[in-house]
Amino acid sequence: YEIRSVVLCNFSNLLIYSIIFDISMQDIEFSFMDDMDITILFANLLDNAVEACSLIKDVSRREISLRIHKFKYYVVIKMKNTTKCIQEDKKEEIINNSEHEGIGLEIIKEVVEKYGGNLTYGQDDGYFETKIILPDINDEK
């Protein structure tokens, strides 16, 4: 199961950086996606979140939450992590800078678009949230 494998691969980083990790996941079949794309999607989400959390000096504030659930014929994925505040005028620069974790967002966007999905992200009050909505073509009638 690809998602569990990705989480387990990142588990040591969660421990090293003392990050609180909370996951809530319905039993969802990702059979509508290629295994490699599932791995790429979740690995980049988690890598970005771990990197952002590791930069926070106050260890007690390092948190990541991952929610995966179905809503009608869609799979909804929400990743939320604490982060250092980014100035409004610097957000696009960071997201599009290949020297930063923003490269992961570009890769995530490519995977989401490949499956006709929608990607939104933003920062508010010390948290960065990524929301992905993917149509589950197995359930469409």
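The values are calculated or read from the model by the stated rules, or taken from the named source; none is laboratory data. Because the structure is a prediction, the values reported are computed rather than measured. Ideal geometry is used to build each Cβ from the backbone, glycine not excepted, and the neighbour counts take in all protein chains shown. Just the protein is used for accessible areas: all its heavy atoms, side chains included, with ligands, DNA and RNA removed. Shrake-Rupley method; radii C 1.70, N 1.55, O 1.52, S 1.80 Å.
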- Item | 13 Å beta-carbon shell around ARG4, net charge (K/R +1, D/E -1) | -3
- Task: Work out from phi, with θ = phi - 60° and the Karplus expression 6.51 cos²θ - 1.76 cosθ + 1.60, the ³J(HN,Hα) of each residue of segment 59-64, listed in order in whole Hz, and give x for Gly and Pro.
- Result: 4, 5, 9, 7, 9, 9
- Message: Output wanted: per-residue J couplings in Hz (rounded whole) for segment 50-56, from phi through Karplus 6.51 cos²θ - 1.76 cosθ + 1.60, θ = phi - 60°, x for Gly and Pro.
- Response: 5, 4, 5, 5, 5, 7, 7
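By DSSP, what percent of the beta bridges with both residues in segment 1-77 are antiparallel, rounded to the nearest 5?
Numbers: 4 of 10 bridges.
Here the antiparallel bridges make up roughly 40 percent for segment 1-77.
Could you sort CYS9, CYS53 by accessible area so the largest value comes first, with the probe set to 1.4 Å?
Working: CYS9 105, CYS53 0 Å².
Reading off the accessible areas and sorting them downward yields CYS9, CYS53.
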